[in-house]
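First up is the structure itself, then whatever we jot down about it.
The values are calculated or read from the model by the stated rules, or taken from the named source; none is laboratory data. If you're wondering where the values come from, they're calculated on a predicted model, not measured in any experiment. No Cβ is skipped: glycine too gets one built from the backbone with ideal geometry, and neighbour counts run over all protein chains shown. Calculation scope for accessible area: heavy atoms of the full protein, side chains included, ligands and nucleic acids excluded. Shrake-Rupley method; radii C 1.70, N 1.55, O 1.52, S 1.80 Å.
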Amino acid sequence: MLRKFVLTITILIFYLLQTTLFKALSLASVSPNLLIILTFAAGFMRGKKEGMFVGLFSGLVLDLFYGQVIGFNALLYMYIGYINGFFHSMFYDEDVTLPLGLVMGSDFVYNFVYYVFRFLLRNRLDFGYYLLHIMLPEMVYTVVVTVILYRIMLRIHRKLEAYEKRRATKFG
């Protein structure tokens, strides 16, 4: 129960940071995708089910406030959380290269699918421009922010794991 409460608060905090502070700190009109980082981390640290849960609610928050179609981002984030959940068996606290690669891949997949469904199908075919001016800068910015936020999320994950273990032995 505590984990779900913490995840809900974290989704709201990341959403607010993404839409306020990091919009103001945007570089070349691009800001990092903090909700992708959160969705990736939930799937990678806890597995497919929690990755889907965080992805669904992160996407719904985006859809409700910014989306033109409710459910598009929710479905996309949910799939990203699920796919990152496959790498849960490779999760080690000390490893940093795999998480950075997964965030980069997740952000690329998100932007590519977003391009296909929001631009390509509306006959806007300039993929090279979208790749060089939006996708790659956002991926780099997201990976740089991940270096900082991943450690914080890892610390929160450890504290929640320790709390759940203490609680399980107390009532087990």
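Would any residue of region 130-172 have its amide N under 17 Å from a label point 7 Å out along Cα→Cβ of residue 122? List them or say none.
Within reach of a label on residue 122, which here means backbone N under 17 Å from a point 7 Å along Cα→Cβ, region 130-172 contributes 130-131, 134-135.
Calculate the spin-label point distance for residue 6 paired with residue 69, positioning each point 7 Å from the Cα along the beta-carbon direction, and give it in nanometres.
3.6
Write out the chymotrypsin sites (Phe, Trp or Tyr not before Pro) in region 78-169 meeting two conditions: DSSP loop, and at most 12 other Cβ atoms within 10 Å of their Cβ.
Values: sites: 79, 82, 86, 87, 91, 92, 108, 110, 112, 114, 115, 117, 119, 127, 129, 130, 141, 150, 163; in loops: 91, 92, 119.
Filter output for region 78-169: 92.
Give me the accessible area per residue for the chain, probe 1.4 Å, as a whole number in Å².
Values: 9910 Å² over 172 residues.
Here the per-residue accessible area is 58 Å².
Using helices alone, I'd like the mean residue ellipticity at 222 nm for the chain: each DSSP H run of four-plus residues gives -39500 (n - 2.57), total over residue count, nearest 500.
Working: 7 runs with 122 residues, N = 172.
After summing the helix terms and dividing by residue count, I get -24000 deg cm²/dmol.
Under a point spin-label approximation (7 Å from Cα along Cα-to-Cβ), what is the residue 98-residue 165 distance to one decimal in nm?
Reported label-point gap for residue 98 and residue 165 is 1.9 nm.
Ratio to report: Rg/Rh of region 69-129, with Cα atoms as the point set and Rh obtained by the Kirkwood method; give two decimals.
Numbers: Rg = 14.4 Å, Rh = 13.3 Å.
Taking Rh as the inverse mean 1/r over Cα pairs, Rg/Rh reads 1.09.
For region 27-67 and region 69-91, compute the distance between their C-alpha centroids and round to whole Å.
8
What number results when the radius of gyration of region 1-94, computed over Cα atoms, is divided by 2.2 N^0.38 Å? Let's see the in-between values first.
On the way: Rg = 13.3 Å, N = 94, 2.2 N^0.38 = 12.4 Å.
Normalised Rg, Cα atoms only: 1.08.
At q = 0.11, 0.13, 0.15, 0.24 Å⁻¹, work out log10 I(q)/I(0) for region 99-172 with the Debye formula, treating every Cα as an identical point scatterer and leaving solvent out; two decimals please.
Rounded to two decimals, the profile gives -0.46, -0.56, -0.64, -1.01.
How high is the FRET efficiency between residue 20 and residue 144 when r is their beta carbon distance and R₀ equals 22 Å, given to the nearest 0.05? Write out the running numbers ahead of the final one.
Values: r = 19 Å, r/R0 = 0.85.
My answer for the efficiency is 0.70.
In whole percent, what relative contact order does the chain give with Cα contacts below 8 Å and a gap of six or more residues? Don't jump to the answer; show the numbers that get you there.
On the way: 199 pairs, mean separation 38.1, N = 172.
Contact order relative to length: 22 percent.
For the chain, list log₁₀ I(q)/I(0) at each q in 0.15, 0.19 Å⁻¹, using the Debye formula over Cα point scatterers of equal strength and ignoring solvent, two decimals each.
Ignoring solvent entirely, the Cα scatterers give -0.83, -1.31.
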